[in-house]
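Taking it in order: structure first as structure tokens, then the write-up.
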Amino acid sequence: MKDYMAPMEGITNYIYRNAYHKYYHPMDKYFTPFISAKPNKRLSFKEINEVCPETNSGLPVVPQILTNNQEDFILTANIMKEEYGHREVNLNLGCPSGTVTAKGKGAGFLGEPEKLRRFLDGIFSGLDMEISIKTRIGTDYEDDWEYLMSIYEEFPVKELIIHPRIQKDYYKNTPRLHAFRKAQEYLHMPICYNGDLFSPEDYKRFTAEFPETHTFMYGRGLIANPGLVSSIREGTKPLKKTLRDFHDEIYSAYRELLSGERNVLFRMKELWNYMCPSFSDYEKYAKRIKKSQRLSEYEAAVECLFSEQELVL
């Protein structure tokens, strides 16, 4: 079995990855939040930290690239290979955000299949490195999935990570598992499942229906419960002390990295949007965390949550 951490903008950065790897079940791959490829690309300080070995402590990191321009993809991929030693890059065809899809990128690129085919032909012929793809099953219509799969079959895709929703689903409704089954029956390449794995019970139900699936990517469920994969693979119950140590490591790193209390609070509040429901009677504590304007207020709210409530995972 293989386990991957999904790329989530603003959350699963190198600070989060390093803390996770220290306290919980190690992932087989950690995918970076997407890096936008542009003409004459030069990586920003933030992007360098995401992909350089020095800030990733030997973690198996895969840079994810967002673009619909093959020259820009090739340029950025070559930077990853030549300057930072990466042997694999991942193409983002899954982001459902309107600001991304409106530009024909992410899941929006799936709505232009012939342009996508030319793009894939260009990057696979123009690069000497492994290329994996994270994809949804279409933009507006699930019926497009079979045609998209026929395009993917034309190329030596390292691995196809499938989130079986269309772009317009965003994260609503339930994953279209029949579309994932079609992929298992049709595709002759390694595939990975991604979508709505929030608990060990979700994992057991899915694997009972799809026992031939051996690779999984975890996103929102893992952020809500960082101990999720540890529970699945090791049978361990999430511990409040481990979560507290994990939180404190991330908090300390952000305080050291970011200037101004507001920036630190923004990052931590975003994380608690996912983690708070993992506690009993969390609502009033979540409000206190959200309303915190100073780090001292935030610290007091977090301390009360940890000392007064229990994990309900």
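What do you reckon, is Y218 touching a residue at least 12 places away in the same chain (Cβ under 8 Å), out of contact with any Gly (no Cβ under 7 Å at 6 or more places or on another chain) and either loosely packed, with under 15 Cβ neighbours inside 10 Å or farther than 28 Å from Y170 by Cβ (or both)? So Y218 fails the test.
Each residue in the stretch 203-215 was checked for being open to solvent by less than 20 Å² (accessible area, probe 1.4 Å) and either in a helix (DSSP H, G or I) or within 17 Å of V312 (Cβ to Cβ) (or both), and 1 pass.
Considering only helices (runs of 4 or more DSSP H) fully contained in the stretch 45-157, which possess at least 3 residues that are of a type in the set (A, V, I, L, M)?
Details: elements: 45-51, 70-84, 98-101, 113-126, 145-152.
Ranges flagged: 70-84, 113-126, 145-152.
Every test in (1) in contact with a helix residue (DSSP H, G or I) (Cβ under 7 Å, 6 or more places away or on another chain); (2) acidic (D, E); (3) open to solvent by less than 30 Å² (accessible area, probe 1.4 Å) is passed by E159 save one, and that test is (1).
Every residue, every condition in (1) in contact with a Cys (Cβ under 6 Å, 6 or more places away or on another chain); (2) surrounded by fewer than 21 Cβ atoms within 10 Å (Cβ to Cβ), yes or no:
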{"site": "S97", "(1), (2)": "no, yes"}
{"site": "G106", "(1), (2)": "yes, no"}
{"site": "P113", "(1), (2)": "no, yes"}
{"site": "R118", "(1), (2)": "no, yes"}
{"site": "T135", "(1), (2)": "no, no"}
{"site": "E153", "(1), (2)": "no, yes"}
{"site": "A183", "(1), (2)": "no, no"}
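Collect the residues in the stretch 237-257 that are open to solvent by less than 60 Å² (accessible area, probe 1.4 Å) and among the polar types (S, T, N, Q), keeping them in residue-number order. Answer for the stretch 237-257, where residues must be open to solvent by less than 60 Å² (accessible area, probe 1.4 Å) and among the polar types (S, T, N, Q): just T242. Selection of the stretch 6-44 for residues being farther than 15 Å from L271 by Cβ and part of a helix (DSSP H, G or I) yields H21, K22. Can you name the residue in the stretch 302-313 that is part of a helix (DSSP H, G or I) and within 28 Å of the chain's Cα centre (by Cα) and is also surrounded by the fewest Cβ atoms within 10 Å (Cβ to Cβ) among such residues? It comes out as F306. A residue that is open to solvent by 60 Å² or more (accessible area, probe 1.4 Å) and either farther than 30 Å from K115 by Cβ or within 20 Å of the chain's Cα centre (by Cα) (or both) occurs nowhere in the stretch 68-76.
The values are calculated or read from the model by the stated rules, or taken from the named source; none is laboratory data. Owing to the predicted nature of the structure, the values given are computational and were not obtained by experimental measurement. Every residue, glycine among them, receives a Cβ derived from its backbone with ideal geometry; neighbour counts consider all protein chains shown. Surface areas here come from the heavy atoms of the whole protein model, side chains and all, with no ligands, DNA or RNA. Shrake-Rupley method; radii C 1.70, N 1.55, O 1.52, S 1.80 Å.
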